[in-house]
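Novice: Following this message is one structure expressed as structure tokens.
The values are calculated or read from the model by the stated rules, or taken from the named source; none is laboratory data. What you see is a predicted model, and the numbers here were worked out from it, not measured in a lab. Cβ placement follows ideal geometry from the backbone for every residue including glycine, while neighbour counts extend to all protein chains displayed.
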Amino acid sequence: MWNRRRFVATAGMTAALGGCLGDGNGNGDGNANENDDGQNGSNTDGTSADEDDNGPGYDTGLDELEAYDPVDRTGEDEVNIRVDPDGEGRFEPDPVAVERLATVKWTWGEPGYEIYPIDIPDPCRWSGNDTGAAHAWQFPFVGKYEIGCSRPDGDDFTGVMFVVEPGFDLESESESD
């Protein structure tokens, strides 16, 4: 039987394997840094062919990490986030950093809360949740996630989560500037 966790894991694995099947230059010869004419070149966005292999291909927002000083929850398989603790209109912890594919679980005390994305990495298709007393999701894409919450009284609040690759060192990243 398929459940959300199994689907996300399968989809993530399919995407990861899909990236392994080709060299990405479209000529099929396996030379990722050469154009079809055999010359090293640059892409239409001004980056060299070598630069494409150094990142995920979308704006991650991780350059803002230091400004937020997130609570470090990397290395944890499941991260619990309390929603609106004591009616304070916030997430706890916030901001937070988690590893890619860790299960993030938001919990709240009464029905009527809605968790939703405000600004998330382009490839992510997470749409949030507006039912029950909890919501869990595995985030397969690194980046900055701005998350909103509607309370039962109609007020909204926001929080920030950073999803990073396993082994990402938050301390050395914040000391690099």
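Novice: Just to check your reading of the model, which residue among 96, 142 is within 14 Å of residue 81 (Cα to Cα), of a type in the set (Val, Ile, Thr) and modelled with pLDDT of 90 or more? Give the derivation first.
Specialist: Values: 142 fails: within 14 Å of residue 81 (Cα to Cα).
96 is the lone residue from the list that is within 14 Å of residue 81 (Cα to Cα), of a type in the set (Val, Ile, Thr) and modelled with pLDDT of 90 or more.
Novice: How many residues are loosely packed, with under 15 Cβ neighbours inside 10 Å and farther than 16 Å from residue 80 by Cα when one looks only at region 99-115?
Specialist: The total comes to 3.
Novice: Do you know which residues across region 88-118 are within 19 Å of residue 130 (Cβ to Cβ) and either outside the structural domain of residue 72 (by TED's automatic domain parsing) or out of contact with any Gly (no Cβ under 8 Å at 6 or more places or on another chain) (or both)?
Specialist: 89, 104, 105, 106, 107, 108, 109, 110, 112, 113
Novice: Same structure, new question: Just a yes or no: is a residue in region 84-95 basic (Lys, Arg), under 21 Å from residue 70 (Cα atoms) and over 11 Å from the mean Cα position of the chain (by Cα)?
Specialist: There is at least one residue in region 84-95 that is basic (Lys, Arg), under 21 Å from residue 70 (Cα atoms) and over 11 Å from the mean Cα position of the chain (by Cα).
Novice: Here's a follow-up. Taking the options 121, 140, name whichever one is in a loop (DSSP other than H, G, I, E, B), in contact with a helix residue (DSSP H, G or I) (Cβ under 6 Å, 6 or more places away or on another chain) and either loosely packed, with under 15 Cβ neighbours inside 10 Å or in the same structural domain as residue 82 (by TED's automatic domain parsing) (or both). Give the steps one after another, and end with the answer.
Specialist: Numbers: 121 fails: in contact with a helix residue (DSSP H, G or I) (Cβ under 6 Å, 6 or more places away or on another chain).
None of the other options fit; the residue is 140.
Novice: Condition (residue is under 10 Å from the mean Cα position of the chain (by Cα) and of a type in the set (Asp, Glu)) applied to region 124-145: is it met by at least one residue?
Specialist: No, every residue in region 124-145 fails to be under 10 Å from the mean Cα position of the chain (by Cα) and of a type in the set (Asp, Glu).
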